Amino acid sequence: MGNMMTMPLTITSIMRHAQQVFGHVDLVSVNLDLSRHRYNYSVCFQRAAQLAGALSQAGMKQGDCVATLAWNDHYHLEAYYAISCSGAICHTINPRLHPEQIKCIIRSANDRFLLISADLYATLGRELGKSIPFEKIIVYQSDNTVDGDNSVDYDSFIQGQDIHFPWPNLDENQASGLCYTSGTTGNPKGALYSHRSTVLHSYGMALPDSLNMSLSTKVMPVVPMFHVNAWGIPYSAPMVGSPLVLPGRYMGDGKVLAALIEEEEVTSAAGVPTAWVNLLDQMKNQEDGIKKLRSLKMVAIGGASAPATLVEKIEALGPRVRTAWGMTETSPLGCVNALAHSDTNQVSINDRLKAGRPVYGIEFRIVNDREEELPWNGEASGHLEVRGNWVCRQYYHQEADNWDHHGWFNTGDIAKIDTESRIIITDRSKDLIKSGGEWISSIDLENIAASHPDVREAAVIAMPDPKWDERPLLVVTPNTDKDINPAELLEFYQGKVANWWIPDRVVQITDLPHTATGKVDKKVLRAQFEET
Ligand code: AMP
């Protein structure tokens, strides 16, 4: 055995380190009224200590679940640390889920307390409070207008508490956070993260070929703190001393994002493709875009496949794009497409669009239906499976058969892996289109449509077909002032894919339905077009 010390890998240790070493580092957060709140890590963690004090006085104990319905702001960040470092579980809830689904996951987690943003309290929280017996509902940015015996304004709640809290010594395997999947392919399932998985994931996320976070980067997570902990950025940033810019509830507002990037000199940002489509809508022209994004060096796109045109449009304005793959069950970091020293400037756009190489700490393989491993040759396509230090080994309070007996987790994605170890996601297994016994990749068809100058967003779904079993239907939204010509769009596919892949029909609609996490909601689309 080696002779080295072991220290528990806890979120508390990240907080202590940041407090000691990076206390002066800035945090900017957008308030509900669009004003910007500024402080530093030192004050942030002092307030987290006050919140921990208030919650423990209110009865919060180790192992309790505390729900949050909150945006990307400093209050939510304080709650992340106050709850987890007290030994309780920070249960982030997606406010865009259906209220019945929200109630269902609150009951399943048995949340005792709720921390909620004032706008969500007005639209959702007050009602929730009537049917869920929370012991305390803590409302932030409420201007003291909260009502009810068990609702309290956040700042009043923490007022008078000591800025030093006796943080408990925790086991690194203790649960720290809970996040339910968005349920696009079934009922939401809970991923229960631990302190250890979170710390190891934070290292992985900060690596140069992941999000490259450091003292010299200023990071803006456009991925929500209510879904997979904003890709773990709220842990990696304090770990490495990276200043944070939090866009509050305005993650979907391209104008706010553009202003933040320009005025706060953001260097790196992460989000789903739609976030960047919204941002690009704000650029009047090339020159304007270059000016607004001057400070931005890197844009990470994940959560869904990135169309070539989107990558090219962003890069034409200056920043480099990195595509990435991950999921709720993988904390979410899985693989990232960073350039190797040898391939700068030589990599084709097709290679750039791949989901990238596995990050150390999580292993990948592809298997066929008989669970036999397939080669990494860029040709063989199979079920993508993963295992690693920040991958779930089961769902929270739920039986599921996504794991094989060797511990590999079946992601539900279909992928190839090329000879340079880059993962290529071809589809979600549930979204694949089976035509005449052969598979068609909806992602490939979507990316081609999205590269047409008139198309803003595209989605391809399977439609039942008496002859072929299923055929692809292309649903598109037009760019501003454009009208899509279906015949011309179908013609656009010629030579790009096999003829039998080309969709039979194009439907133009004003807006594609998006899931609560900003991805195109194919479940809704399928239901919408079922009858047509
Ligand atoms: P979620 O758990 O909601 O974060 O969704 C995870 C799913 O998003 C994955 O299983 C993939 O189907 C999809 N996804 C994530 N990243 C990518 C990517 N780079 N390309 C294609 N699909 C992706």
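Of all the residues in the range 272-294, those that are touching a residue at least 60 places away in the same chain (Cβ under 8 Å) and either away from the ligand (no atom under 16 Å from the Cβ) or small (Gly, Ala, Ser) (or both) number 2.
So that you can scan it fast, the table gives a plain yes or no per residue for (1) in contact with a His (Cβ under 8 Å, 6 or more places away or on another chain); (2) farther than 24 Å from Pro224 by Cα:
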site: Met4; (1), (2): no, yes
site: Ile14; (1), (2): no, no
site: His17; (1), (2): no, yes
site: Val43; (1), (2): no, no
site: Ala49; (1), (2): yes, no
site: Gly53; (1), (2): no, yes
site: Ala58; (1), (2): no, yes
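Screening the range 402-450 for strands (runs of 3 or more DSSP E) wholly inside it with 1 or more residues that are more than 15 Å from the ligand (Cβ to nearest atom) and either of a type in the set (D, E, K, R) or touching a His at 6+ places or on another chain (Cβ under 9 Å) (or both) returns the ranges 433-435, 438-440.
Listed by position, the strands (runs of 3 or more DSSP E) contained in the range 276-336 that have at least 1 residues being aromatic (Phe, Trp, Tyr) are 320-326. Picking from residues in the range 494-527 that are assigned to a helix (DSSP H, G or I) and over 26 Å from the mean Cα position of the chain (by Cα), the one that is nearest to Glu457 (Cα to Cα) is Trp501.
Consider Ala415 carefully, then state whether it is buried (at least 16 other Cβ atoms within 10 Å of the Cβ), of a type in the set (A, V, I, L, M, F, W, C) and in the same structural domain as Gly356 (by TED's automatic domain parsing). Break it down into steps so the answer makes sense when it comes.
Values: buried (at least 16 other Cβ atoms within 10 Å of the Cβ): yes; of a type in the set (A, V, I, L, M, F, W, C): yes; in the same structural domain as Gly356 (by TED's automatic domain parsing): yes.
Criteria met by Ala415.
Being in contact with a helix residue (DSSP H, G or I) (Cβ under 8 Å, 6 or more places away or on another chain) and surrounded by fewer than 17 Cβ atoms within 10 Å (Cβ to Cβ) holds for only one residue in Asn173, Asn169, and it is Asn173. Once the range 354-374 is narrowed to residues that are in a loop (DSSP other than H, G, I, E, B) and under 14 Å from Glu420 (Cα atoms), the residue that is farthest from the ligand (Cβ to nearest atom) is Val359.
Here Gly59 meets the list (1) out of contact with any helix residue (DSSP H, G or I) (no Cβ under 6 Å at 6 or more places or on another chain); (2) in a helix (DSSP H, G or I) almost entirely, failing just condition (2). Yes or no: the range 129-148 includes at least one residue that is within 29 Å of His514 (Cβ to Cβ) and touching a Pro at 6+ places or on another chain (Cβ under 6 Å). No: the range 129-148 contains no residue that is within 29 Å of His514 (Cβ to Cβ) and touching a Pro at 6+ places or on another chain (Cβ under 6 Å). Go through the range 30-56 residue by residue and tally those that are of a type in the set (D, E, K, R) and in a helix (DSSP H, G or I). Of the residues in that region, 1 qualify.
The values are calculated or read from the model by the stated rules, or taken from the named source; none is laboratory data. For clarity, every value in this text was computed on a predicted model and none was experimentally measured. All Cβ positions, glycine included, derive from the backbone under ideal geometry; neighbour counts span all protein chains shown.
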